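Okay, structure first, notes after.
The values are calculated or read from the model by the stated rules, or taken from the named source; none is laboratory data. From a predicted model like this one, the values you see are computed outputs, not experimental measurements. No Cβ is skipped: glycine too gets one built from the backbone with ideal geometry, and neighbour counts run over all protein chains shown.
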Amino acid sequence: MFLEAVLSFALFFTTALAILAIFLVLYSIVTPYDDYQLIFQDNNTAAAVSFGGAILGLCIPLYSALISSVSYVDFLMWAGIAALNQLLFAFIVIRIRGKYSLEKQIIEGVVPVGIFMAFISISIGLLNAGSMSY
């Protein structure tokens, strides 16, 4: 029985990590700038905080899906929905133009904008998680 529980844990945990890894790749494709260059080469704090918020914004509903799902397939379905919601949100919000252009300000390293984007991502994640409580 213990071995079965450990194997179940390993399956769900590694799947959640894989979903997170896929999300990291897709998020960097969805944003119109190179997140990894901004963070690792340009030392852009705004981009790092924004990206970190996106990670938390996904992990919150992943957690909800892990504790609420009735099966592995159920978890996969809700995790996929959560990831798609976060990616869709980022795709739309980052592309707002004009006075409130997040893209331009994150590229320029405006830290308050990165923090704002992080909090929005986390908020979307919380709404995702709450919507999964069926």
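Some observations on this one:
- For the condition surrounded by fewer than 15 Cβ atoms within 10 Å (Cβ to Cβ), in contact (Cβ under 8 Å) with a residue 40 or more places away in the chain, out of contact with any Ser or Thr (no Cβ under 7 Å at 6 or more places or on another chain) and farther than 21 Å from Ile115 by Cβ, Leu11 qualifies.
- Scanning segment 14-28 for residues that are surrounded by fewer than 12 Cβ atoms within 10 Å (Cβ to Cβ) and under 22 Å from Ile120 (Cβ atoms) yields one hit, Val25.
- One residue stands out among those in segment 93-122 that are small (Gly, Ala, Ser) and without any contact (Cβ under 8 Å) to a residue 12 or more places away in the chain: the one that is farthest from Leu56 (Cα to Cα), which is Gly98.
- Residues satisfying the criterion are present in segment 25-38 (criterion: among the charged types (D, E, K, R) and part of a helix (DSSP H, G or I)).
- For segment 96-120, filtering for residues that are out of contact with any Leu (no Cβ under 7 Å at 6 or more places or on another chain) and under 11 Å from Phe51 (Cα atoms) leaves 5.
- Qualifying residue in segment 99-110 (condition: more than 14 Å from the chain's Cα centre (by Cα), of a type in the set (Lys, Arg) and not in a helix (DSSP H, G or I)): no
- For segment 46-61, the condition holds for no residue, the condition being that it is within 20 Å of Ile115 (Cβ to Cβ), part of a loop (DSSP other than H, G, I, E, B) and not β-branched (Val, Ile, Thr).
- Residues within segment 121-134 that are assigned to a helix (DSSP H, G or I) and either hydroxyl-bearing (Ser, Thr, Tyr) or more than 12 Å from Gly53 (Cα to Cα) (or both), tallied: 7
- Of residues in segment 66-125 being touching a Pro at 6+ places or on another chain (Cβ under 8 Å) and among the charged types (D, E, K, R), the one modelled with the lowest pLDDT: Arg95
- Residues that are surrounded by 14 or more Cβ atoms within 10 Å (Cβ to Cβ), farther than 26 Å from Phe12 by Cα, under 17 Å from the mean Cα position of the chain (by Cα) and among the hydrophobic types (A, V, I, L, M, F, W, C) occur in segment 120-133; there is at least one.
- Scanning segment 93-111 for residues that are β-branched (Val, Ile, Thr) and exposed (fewer than 15 other Cβ atoms within 10 Å of the Cβ) returns a single hit, Ile96.
- Among the residues of this structure, Ala46 does not count as one that is out of contact with any strand residue (DSSP E or B) (no Cβ under 7 Å at 6 or more places or on another chain), at pLDDT below 95 and buried (at least 17 other Cβ atoms within 10 Å of the Cβ).
- Cross-chain or 6+ apart pairs with Cβ under 7 Å, segment 66-92 first and buried (at least 20 other Cβ atoms within 10 Å of the Cβ), then not in a helix (DSSP H, G or I): Phe75/Ser69; Trp78/Ser69; Trp78/Met132; Ala90/Thr31
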